[in-house]
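A quick write-up on the structure given underneath.
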Amino acid sequence: MNATPEERQWAQKTQLRRLALRRRAAQPDKPALSERICATVKTLPEYRQARTICSYVGVGTEVLTRDLLGEAMAVGKQVTVPYVDDKRLALFHLHDLAELAPAPFDLLEPRVEMRDQPARRIQPRAVDLFVVPGLAFDASGARLGHGQRYYDNLLRRARAETPRVGLAFACQVLPRLPVLEYDVSMHAVVTEGAVYRPHASDKHLTL
């Protein structure tokens, strides 16, 4: 039985996920490179202009973001972080990094006992900038996640014009990723050595 185009793309994505995970795991100096990536994010006009940002909390071999979150709160931005709520991502208004706790899959998420506070729930349409993780990206802004579509579904609930910035080590930027109809692309991808802007006249800024 011949596979459908979508099945072939899904199989290709599975292979690319394995490749990206290996590359990311082997990347040396992750804390220092993470600091460099987050420093670049803070220079972006999208970050400077945003009043409310949503950023993942980097764990394990991901680009680490705790310093970015802390500094954003220090300069008066409203910082939200995602957490899994009934098979989709909800957003929590974070006041302090101490409000994060270990969660399933080795994640850091808001403490369970704080999530029901109405003032802490933020709707995706209120966010001015999304800082997004990924296993891999390409220069066109395509993103490869773990395949659960959590971020694709979250970003589809946001305003279409809200900037989406993916963070990755340079080793995670691949030549070309397969894209399915439900995949949400990035407006920019930041690595330790470049900023990729697929819709700008200067699509690849080397740092």
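The values are calculated or read from the model by the stated rules, or taken from the named source; none is laboratory data. Just so you know, these numbers come straight off a predicted model, no measurement behind them. Every residue, glycine as well, gets a Cβ built from its backbone with ideal geometry; the counts of neighbours run over all protein chains shown.
Some observations on this one:
- Residue pairs meeting the criteria (Cβ under 8 Å; at least 6 apart or on separate chains; first over 16 Å from L174 (Cα atoms), in region 4-21; second among the aliphatic types (A, V, I, L, M) and exposed (fewer than 12 other Cβ atoms within 10 Å of the Cβ)): A11/A3
- Out of D85, D106, one residue alone is more than 16 Å from F169 (Cα to Cα), surrounded by 13 or more Cβ atoms within 10 Å (Cβ to Cβ) and at pLDDT below 95. It is D85.
- Taking the criterion of being more than 21 Å from D29 (Cβ to Cβ), in a loop (DSSP other than H, G, I, E, B) and in contact (Cβ under 8 Å) with a residue 24 or more places away in the chain, the residues of region 154-176 that qualify are R157, A158, R159, T162, P163, P175, R176.
- Residues of region 109-149 that turn out to be in contact (Cβ under 8 Å) with a residue 60 or more places away in the chain and either surrounded by 14 or more Cβ atoms within 10 Å (Cβ to Cβ) or outside any loop (DSSP other than H, G, I, E, B) (or both), as a count: 14
- Qualifying positions in region 113-149 - modelled with pLDDT under 95 and either on the phi > 0 side of the Ramachandran plot or of a type in the set (V, I, T) (or both): G147, R149
To keep it simple, each residue is scored yes or no on (1) out of contact with any Phe, Trp or Tyr (no Cβ under 9 Å at 6 or more places or on another chain); (2) hydrophobic (A, V, I, L, M, F, W, C); (3) closer than 15 Å to F130 by Cα; (4) not in a strand (DSSP E or B).
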| residue | (1), (2), (3), (4) |
| --- | --- |
| L69 | yes, yes, yes, yes |
| A72 | no, yes, yes, yes |
| T80 | no, no, yes, no |
| L89 | no, yes, yes, no |
| F92 | no, yes, yes, no |
| A98 | yes, yes, no, yes |
| P102 | yes, no, no, no |
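- Condition met for V63 (touching a Pro at 6+ places or on another chain (Cβ under 8 Å), under 23 Å from F169 (Cα atoms), β-branched (V, I, T) and part of a loop (DSSP other than H, G, I, E, B)): yes
- Residue within region 32-39 that is surrounded by fewer than 18 Cβ atoms within 10 Å (Cβ to Cβ) and more than 22 Å from R197 (Cα to Cα) present: yes
- So A74, is it over 28 Å from Y182 (Cβ atoms), among the aliphatic types (A, V, I, L, M) and at pLDDT 95 or above: yes
- Any hit, region 184-201, residues being under 22 Å from E62 (Cα atoms), β-branched (V, I, T), free of Cβ contacts under 8 Å to residues at least 40 places away in the same chain and touching a strand residue (DSSP E or B) at 6+ places or on another chain (Cβ under 7 Å): no
- Taken over region 47-60, the criterion of being in contact (Cβ under 8 Å) with a residue 12 or more places away in the chain and in a helix (DSSP H, G or I) is satisfied by Y47, Q49.
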